[in-house]
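Read through the structure below, which is laid out as structure tokens, and then see the notes.
The values are calculated or read from the model by the stated rules, or taken from the named source; none is laboratory data. As the structure is a prediction and not an experimental result, all values here were calculated from the model. Heads up, the Cβs are rebuilt from the backbone with ideal geometry, glycines too, and the neighbour counts pull from every protein chain shown.
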Amino acid sequence: LQSLLNNDDARWKSTLQGQMVDYLVRGKRHLLIVLPTGGGKTLAMALPSLIEPEGITVVVVPFVALMEDLKIRLSNYGVLWGTYGDLELEKKRVILVSLEVAADENFVRFCGNVQGCGLLKRIILDEAHHFLMSPIFRPAFLKFRHLVSAAVPLALCTATMPPKYEQDLWTALKVSPRTTITLREDSTARPEISYRVTKVDPDDVEAKVVEYVNSVTLREEERGIIYCNTIAAAQHLAKAMGVEAYISNLTLAKKNEIMRKWVGGEQPWLIGTSAIGVGIDYPHVCYVVHAEPSYTLIDYAQETGRAGRDGKPSVAQMICSGPPLCSRENYTGYGGYDEMVEWVELLDACRRYHMGQFLDGIGRTCGSTPNGEFCTYCAGLLVRCLLFVSYSSLCSLQKIPPRYKMPVPISFTAPLHPGVKRTFEEVQEEDAFYDDGPTLEHSDCKCFDHFVVIY
């Protein structure tokens, strides 16, 4: 790692990143690798080709933008790469190929020939969740399972693969679970991202997005991204902001031009559709704004995952009129559409917890996530906490007996033990206030719903 980065102080981003490289080099079993967005999957994919004296790694990529990004990053790492169809492929260490080409019988035969020479080391599927969940990629993915016959380890890489989908993924590939290993972080949460939602009328979404963007001050290196659900919405918003939209039907040259303007700071806000959901690895994205929700919770996690890659606090702001509208005939049943609807409608629960429950099988609130930025709900709890403490301080100046002066808030994001949480009515019933103190109204103590009161 230090040799590749030419940095004696280089360290793995996580223990799992180092394990990923170790399994890719030494392992003989199929892998499912789930690392958070920005967790270093590309670097881990590049290292084996530099460690091994010979051999070829095939990387299957679902998006043109992602493939272009991989070409740049592999070149920066000093990896000899090529695309299927190039001349002198035998001199390359990594071969990049689209999913459609990888599912073709000619490519399957090519892999068989390379394997027959003992040179094919592994096949890696990047952004593997798309192959199971996208109606566009799923037909080609079902054909891709023919590559399993190449008798080399498969490595499926993603940042968003709910545990409940793992078995379906391997079943679609006709791979026995006994031949697989899953490397998964306990939590793929991005603690540096604050998840926020603002509800507005449908006709006001665009105006509120423009208003929000104008209220934000970006430093010289900082950038923002705005996601729209449709090409028409992206173009209309981009026109209102006086910039160009990054959409799927642009030429590659035009996309690269818009991207250069964005990275260079000439156009600090990048506006587009899910076409910019992957392949963006600029480290200083500190704002991701959604004009209406993503179609699924996995899409949303991927898109907001562009933010905070430098480890600094960042904001994922959604401005919407309601839950996403999804065409059911184009929905594979995976991806978390129903979970996205629930997430948008959440009023009385932590948004980070809801996302983690779906993506990792384990939910963690903002307060129980180390260095976690607060979501809309948890920030509201904090405000109520401060108001409650302020109210308690005010009460201490009144004629309230000492036992009632300063209720002590206990970690407002931690689960409260049912045996110690008491409502205001229960407090009144068990311990009547003294006659020489002022009477407290229920409205004054409504924050008791969120705190343990210690006497």
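May I ask you to list the residues in the range 219-246 that are buried (at least 23 other Cβ atoms within 10 Å of the Cβ) and either assigned to a loop (DSSP other than H, G, I, E, B) or hydroxyl-bearing (Ser, Thr, Tyr) (or both)?
Selection gives TYR227, TYR246.
Among the residues of the range 157-164, are any assigned to a loop (DSSP other than H, G, I, E, B), among the aliphatic types (A, V, I, L, M) and more than 25 Å from ILE280 (Cβ to Cβ)? Steps first, please.
Step one: list which residues in the range 157-164 are assigned to a loop (DSSP other than H, G, I, E, B), which gives 159-162.
Still in the running and among the aliphatic types (A, V, I, L, M): 159, 161.
Keeping just the survivors that are more than 25 Å from ILE280 (Cβ to Cβ) gives none.
There is no residue in the range 157-164 that is assigned to a loop (DSSP other than H, G, I, E, B), among the aliphatic types (A, V, I, L, M) and more than 25 Å from ILE280 (Cβ to Cβ).
Test ILE124 against the stated conditions and say whether it is in the same structural domain as ASP22 (by TED's automatic domain parsing), surrounded by 15 or more Cβ atoms within 10 Å (Cβ to Cβ), touching a helix residue (DSSP H, G or I) at 6+ places or on another chain (Cβ under 6 Å) and among the aliphatic types (A, V, I, L, M). Write out each step before concluding.
Working: in the same structural domain as ASP22 (by TED's automatic domain parsing): yes; surrounded by 15 or more Cβ atoms within 10 Å (Cβ to Cβ): yes; touching a helix residue (DSSP H, G or I) at 6+ places or on another chain (Cβ under 6 Å): yes; among the aliphatic types (A, V, I, L, M): yes.
The answer is yes for ILE124.
Name the residues in the range 261-286 that are under 23 Å from THR37 (Cβ atoms) and among the charged types (D, E, K, R), would you?
ASP281
Please verify whether the range 202-221 includes one or more residues that are outside the structural domain of PHE63 (by TED's automatic domain parsing) and either in contact with an Asp or Glu (Cβ under 8 Å, 6 or more places away or on another chain) or closer than 24 Å to LEU132 by Cα (or both). Let's see the steps before the verdict.
Going through the range 202-221, the residues outside the structural domain of PHE63 (by TED's automatic domain parsing) turn out to be 202-221.
When the remaining residues are screened for being either in contact with an Asp or Glu (Cβ under 8 Å, 6 or more places away or on another chain) or closer than 24 Å to LEU132 by Cα (or both), the result is 205.
Among the residues of the range 202-221, at least one is outside the structural domain of PHE63 (by TED's automatic domain parsing) and either in contact with an Asp or Glu (Cβ under 8 Å, 6 or more places away or on another chain) or closer than 24 Å to LEU132 by Cα (or both), which makes the answer yes.
Before we move on, is VAL197 of a type in the set (Val, Ile, Thr), farther than 29 Å from ARG364 by Cβ, surrounded by 15 or more Cβ atoms within 10 Å (Cβ to Cβ) and in the same structural domain as GLN317 (by TED's automatic domain parsing)? Reasoning before the result, please.
Details: of a type in the set (Val, Ile, Thr): yes; farther than 29 Å from ARG364 by Cβ: no; surrounded by 15 or more Cβ atoms within 10 Å (Cβ to Cβ): yes; in the same structural domain as GLN317 (by TED's automatic domain parsing): yes.
The answer is no for VAL197.
Run PRO324 past the list (1) modelled with pLDDT of 90 or more; (2) surrounded by fewer than 24 Cβ atoms within 10 Å (Cβ to Cβ) and report the number of the one that doesn't hold.
The single condition PRO324 does not satisfy is (1).
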